[in-house]
Structures are given as C-alpha cells and as structure tokens.
Amino acid sequence: IADALGSNKTLEELHLTDNNIGLWGAGRIVEALLRRKDPCSLHTLDISHNDIGMSGARRISELLASSAKNRAGVPITRLNNLNFTGNILGANGIRDLCEALEVNSDLSSLEIGWNHIGKKGAENLAHVLTSNEASALARL
C-alpha cells in the first residue's frame, strides 16, 4: 500500500482501520508520501486501531508538520481528515501531534478517541486550539 501511495494520483481516501500496521506501517506510509515527486489526491487517512503508539504519532506528525510538502518542497497532499482513534498515543504522542498542528493549516477533522492522553494531553490540545490562528480544525 505504501509503495502504491508513492505513485498513485487519484486515491482520495485510505481507510486502514484495525489492520495492525503498527509503527512500521505508519512509517512506510509517511515515507511514501514524503518521497513523492508530484501531488496526490489523498485527503482522508484513517489509521485507527492499529497500535501505532507514541513513535507512530511522531511519524504522522512529521507528515502534518510538513505542511503538505515533500522534502523537495513539492506539494503532496492536502490531508483534511485524520482518524487516529485507538492507537495508544498517550500524552507524549498527543504532544507530538499538537506540535505539528501548530503549523498545519489544512487538517479540518482529527479523531483521537481512545488514546489515553490524560490531563497533560488535553492541555496540549487546548493550547494548540487557541494558538494556531490559521488552523482549519473544525472537528475534534
């Protein structure tokens, strides 16, 4: 799937719910998108319930923080919807996502239920919701 993402120009939604992709799979998806040489149409990524954990959140955060451009500066995607439900992120994983959200202006929907973020994670979310004036986030 990651290899196909590297070249597919028409895929708009990718739903990988409960497929046990883990950190390795999340990393492959991010790398495939960051290596693209041309734009793709992906706007929805559902990687819920995949045991991605804190390290996987860091990888997905890299994609969000890239402001939808690859390492060569080419726009790759305008990811609007991310479902990260049930991936055991904890407060540290949410912190990484929040750091990316501080610079991301494309994401409009983020689902993060069942991630054990605790009080500190909730505080990080509250901060990012008030600090990024360019944020398009309308659904949390």
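Only the coordinates and a few stated rules stand behind these numbers; no lab work does. Just so it is clear, the model here is predicted, and its values are computed rather than measured. Note: ideal-geometry Cβ built from the backbone for every residue, glycine included; neighbour counts use all protein chains shown.
Average projected area of the Cα convex hull of the range 2-131, in nm²?
So the mean shadow area of the Cα hull is 6.7 nm².
So, in Å, what gap is there between the alpha-carbon centers of the range 1-49 and the range 92-140?
When both Cα centres are located, 21 Å separates them.
Spelling out what I want: for every residue of the range 23-30, take phi, set θ = phi - 60°, compute 6.51 cos²θ - 1.76 cosθ + 1.60 (Karplus), and round to whole Hz; glycine and proline get x.
Couplings: 4, 4, x, 4, x, 5, 5, 4 Hz.
What is the packing order of peptides 100-108, 4-12, 115-123, taking the mean over residues of other C-beta atoms within 10 Å and listing the highest first?
So the order, starting with the most tightly packed, is 100-108, 115-123, 4-12.
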